[in-house]
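Read the structure below first, then the notes.
The values are calculated or read from the model by the stated rules, or taken from the named source; none is laboratory data. Quick caveat: nothing in here was measured; it's all calculated off a predicted structure. Here Cβ is always computed from backbone atoms with ideal geometry, including for glycine, and neighbour counts include all displayed protein chains. Calculation scope for accessible area: heavy atoms of the full protein, side chains included, ligands and nucleic acids excluded. Shrake-Rupley method; radii C 1.70, N 1.55, O 1.52, S 1.80 Å.
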Amino acid sequence: MPCRLEGRAMAFKVVTANRLLDGAVVWMAPEERWTECLDAALVFESDDGAAMLAMAGRAVTDRLVVSPYLIDVAPGAAGVRPVHIKEVIRAAGPTVRPDLGYQARLSPVAR
Amino acid sequence: MYRYDEFDRTIVNERVAQFRDQVRRRVAGELTEDEFKPLRLMNGLYLQLHAYMLRVAIPYGVLSSRQMRRLARIARVYDKGYGHFTTRQNIQYNWPRLEEVPDILEELAEVEMHAIQTSGNCIRNVTADQFAGVAADEIDDPRIYAEIIRQWSTLHPEFSFLPRKFKIAITGAPNDRAAVKVHDIGLRMVRNDAGEAGFEVIVGGGQGRTPMVGHVVRAFLPVPRLLTYLEAVLRVYNQLGRRDNLYKARIKVLVHQTGVEAFTRLVEDEFQAMAEETPQVLPGGELARIRACFRPPAYRTLEDHPATLTEALAADPAFARWHSTAVSAHKQPGYAIVTIALKPIGGVPGDATAARMDAVADLADRFGFGEIRVSHEQNLVLPDVAQEELFALWQGLVSAALDTPNAGLITDIVACPGLDYCNLANARSIPVAREIGKRFAALDRQHDIGELKLRISGCINACGHHHVGHIGILGVDKKGVEHYQITLGGDDTETAAIGDIVGPAFPAETVTDAVETIVGVYLDRREAGERFLDTCRRIGLKPFKEVLYAAH
């Protein structure tokens with residue numbers, strides 16, 4: 001999915017958490033939905049972080065997710081990508097097991 | 001093996017039912033995450049990078065084939081087909097669903113296993129020599145005492161909220177294969193002048209942020225006083241250990257700050273006071289009952305070095321090579337201890353698929369009285385194999401791709417899960433292990449290098465035991481980029497030492513080259529019969545530094 005933010009030199013963030021029932025990595029999407037696809041996440045500017053976390057807090061109360069927090073993302077040609085390696089690994093899966101985690105949804109060539 | 005009695009069974013079953021209700025309440029919204037988190041951790045359930053992680057206790061690393069098959073079944077049914085054996089002789093599952101964890105715990109309870117005290121500030125799973133009960137050099141079987149400590153420490157109300165987690169390791173042999181000097185308490189069986197067996201008690205060792213080799217606080221502790229003395233140590237720690245600073249809360253910091261002499265006096269005073277109050281000793285009947293659980297299996301009368309083995313060794317070089325790394329001396333003539341290295345070249349140290357777990361269980365039944373051990377070096381062990389059956393066992397291992405002939409060699413790498421799985425990690429461990437494994441894959445070269453313990457941790461908590469690796473590698477985060485700091489000269493045996501940092505950290509791209517350079521210095525400088533560690537101790541860091549950082 002092409003990224004709307006491409007080329008803009010600003011600090012962008014998304015909210016991430018783990019889903020309560022299975023622990024899966026999820027990101028907050030528009031309309032307070034939670035998605036397994038980082039490209040579908042709601043990307044916002046740093047200044048909005050507190051408001052977005054407050055919104056995520058409702059999903060905690062509703063027992064959808066646990067421990068939400070903000071991560072830095074950078075726009076790229078193929079959508080947003082986390083800035084820190086730890087979040088890159090969370091978004092994809094273990095780098096030593098390309099058959100596991102969200103990266104497993106891609107074809108072996110695209111990995 | 002020890003079998004659960006009614007008390008064990010009741011405790012474990014009640015805990016399963018309790019946790020099932022806690023999960024139900026969490027999902028129903030009756031418990032918040034803040035309320036639930038300490039409860040799930042008390043049952044070994046963490047939340048890691050990708051999912052929940054369940055850590056299952058394997059008491060002192062001893063498993064039956066039946067239990068191993070159940071671990072395989074859990075991997076297959078509830079997880080993604082594999083498990084990870086850890087440096088604390090436990091197993092971790094990386095992908096369980098919260099709702100199914102009570103079912104997993106119920107399946108574990110059916111085979112007398114659980115996940116109690118695999119997290120939290122309590123006494124964790126007691127670890128022991130993986131050759132316990134069968135080693136040729138052993139004074140007494142440490143499983144007996146590990147089991148007694150397990151029973152004493154399980155749900156012990158006085159020690160459920162210690163300042164920090166607490167790890168006890170025990171060995172029955174002078175050659176320490178259980179790393180007892182880098183545990184909160186290490187117990188080593190010794191004999192006194194009268195020839196009686198007892199324990200040397202070592203306190204205040206540990207790794208992590210502040211690595212320390214433990215100190216002997218008791219040169220000889222008579223067996224019947226074991227629990228009283230442990231209780232005295234724990235009481236002193238519980239009272240004086242720091243609860244204000246997470247990084248200073250382990251007993252090693254208390255021992256260091258108090259001073260060994262003063263600390264020892266505090267323990268001895270408490271020990272004396274307890275003795276006067278109630279002269280507790282281990283009841284002889286109970287000791288005998290536990291000992292009986294670990295009676296040797298029905299060995300046949302066999303000779304060492306049977307002709308069939310000698311012929312197979314001469315005829316098949318691949319078997320001979322495997323034999324030279326995997327087989328250790330057994331106390332019973334005609335038998336051998338076999339280490340199954342879980343370190344395939346390019347694989348993940350300590351990982352085992354459900355199929356391989358089943359294969360090991362089958363081989364244990366066919367060749368080893370159905371018993372399996374997990375080592376703190378993330379390998380498996382069949383403790384009782386007849387020497388005349390080693391060749392057939394090896395063929396079975398080959399079929400299951402479990403025949404990597406590298407136990408004790410440079411590619412027998414210990415590595416924590418690192419940033420590929422762990423929330424605490426700063427850098428990845430497994431990819432580094434894989435690269436080093438591939439670089440040194442050539443068997444002739446590995447065997448030429450000889451014994452070399454390479455250990456990798458992805459953060460300062462040191463689950464990969466890097467501080468005590470002959471070569472230790474620690475992953476660090478330098479401005480968001482993974483780097484690796486190298487230490488040399490660490491040792492986790494009876495001659496324990498913490499490795500020294502050789503210099504500035506290396507980026508991921510050059511860490512394997514750096515290891516190769518280090519090994520090159522050893523090969524150039526070694527004298528006849530010297531292991532890597534010996535040369536390292538003799539020549540010090542300087543020659544390694546000179547070559548490693550020559551271009552800088």
Relative contact order of the stretch A:3-92, pairs being alpha-carbon contacts under 8 Å that are 6 or more residues apart, as %: 35 percent
Inter-chain Cβ neighbour average for residues B:125-131, partner chain, 10 Å: 0
Magnitude of the charge dipole, the protein assembly as shown, Cβ model with Lys/Arg +1 and Asp/Glu -1, debye to 20: 1220 debye
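Compute the length gained on full extension between B:Asp193 and B:Arg525: take 0.36 nm times their separation in residues and subtract their Cα-Cα distance, giving the result in nm to one decimal.
115.4 nm
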Relative contact order of the stretch B:354-401, defined on C-alpha pairs under 8 angstrom at six or more residues apart (%): 31 percent
Shielded by partner chains, the stretch B:407-430 residues - at least 50 Å² of accessible area, 1.4 Å probe, vs chain alone: B:Leu419, B:Asp420
Using a Förster distance of 35 Å, the FRET efficiency for B:Tyr549-B:Tyr247 (Cβ separation, nearest 0.05): 0.70
Using a Förster distance of 30 Å, the FRET efficiency for B:His156-B:Leu39 (Cβ separation, nearest 0.05): 0.95
Residues with amide H under 5 Å from that of B:Leu47, placed H, sequence gap 5 or more: B:Met53
Peptide B:72-83, shielding by other chains (average Cβ, 10 Å cutoff): 1
Farthest toward positive dipole pole in chain A [+1 Lys/Arg, -1 Asp/Glu at C-beta], among A:Ile89, A:Val15, A:Ala78: A:Ile89
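Hey, can you rank B:115-121, B:271-277, A:73-79, B:407-413 by average C-beta count inside 10 Å, highest first?
Working: B:115-121: 21.7, B:271-277: 12.7, A:73-79: 15.3, B:407-413: 24.9.
Answer by packing, highest mean first, reads B:407-413, B:115-121, A:73-79, B:271-277.
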Spin-label proximity, B:Ala275 to the stretch B:194-228 - amide N less than 20 Å from point 7 Å beyond Cα toward beta carbon: B:194-203, B:216-228
Potential lengthening between B:Asp500 and B:Gln18 on full extension [0.36 nm per residue; Cα-Cα distance subtracted]: 168.8 nm
For chain B, the spread of Cα positions along each principal axis, largest first, Å: 61, 60, 59
Lys/Arg +1, Asp/Glu -1 at C-beta; the stretch B:356-416 dipole; positive extreme among B:Pro405, B:Phe367, B:Cys416: B:Cys416
Heavy-atom SASA rank of B:Ser328, B:Ser375 (probe 1.4 Å, accessible area, largest first): B:Ser328, B:Ser375
Average accessible area per residue (Å²) across chain B - probe 1.4 Å, nucleic acids and ligands excluded: 38 Å²
Inter-site label distance for B:Glu261 and B:Asp103 at 7 Å from Cα along Cβ, in nm: 6.2 nm
Under 5 Å, built H, 5+ apart or other chain: amide partners of A:Val65: A:Leu20, A:Val60
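May I ask you to compute the full-extension gain from B:Glu451 to B:Ala508, defined as 0.36 nm times their residue separation minus their alpha-carbon distance, rounded to one decimal in nm?
Values: separation 57, 0.36 × 57 = 20.52 nm, distance 2.46 nm.
Net length gain for the segment: 18.1 nm.
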Farthest toward positive dipole pole in the stretch B:137-211 [+1 Lys/Arg, -1 Asp/Glu at C-beta], among B:Val190, B:Phe166, B:Trp152: B:Phe166
³J(HN,Hα) computed for each position of the stretch B:429-445 - Karplus, 6.51 cos²θ - 1.76 cosθ + 1.60, integer Hz, glycine/proline x: 9, 5, x, 5, 4, 5, 5, 5, x, 5, 4, 9, 4, 4, 5, 4, 5
Phi to ³J(HN,Hα) by Karplus 6.51 cos²θ - 1.76 cosθ + 1.60 over the stretch B:388-401, Hz, x for Gly, Pro: 6, 9, 4, 5, 5, 4, 4, 4, x, 5, 4, 4, 8, 6
Modelled FRET efficiency - R0 25 Å, A:Asp99 with B:Ala441, Cβ distances, 0.05 increments: 0.65
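Computed on protein heavy atoms with a 1.4 Å probe, what is the summed buried accessible area for the chain pair B and A, in Å² to the nearest 100?
On the way: alone 21950 and 6750 Å², together 26460 Å².
Summed over both sides, the interface buries about 2200 Å².
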Heavy-atom accessible surface of the stretch B:464-552: percent carbon and sulfur, 1.4 Å: 53 percent
Per chain B, cysteines lacking a partner by the 4.7 Å Cβ criterion: B:Cys122, B:Cys293, B:Cys422, B:Cys459, B:Cys536
Given charges at beta-carbon only (K, R positive; D, E negative), |dipole| of chain B in Debye: 1280 debye
Inter-label distance, nm, simple model (7 Å from Cα along the C-beta direction), B:Arg76/B:Ile11: 3.1 nm
Separation of alpha-carbon centers, the stretch B:470-534 and the stretch B:349-366, rounded to whole Å: 32 Å
Neighbouring partner chain Cβ atoms per residue of B:44-55, average, 10 Å criterion: 4
Spatial extent of the stretch B:97-140: Rg and Dmax, with the Cα atoms as the point set, Å: 15.6, 47
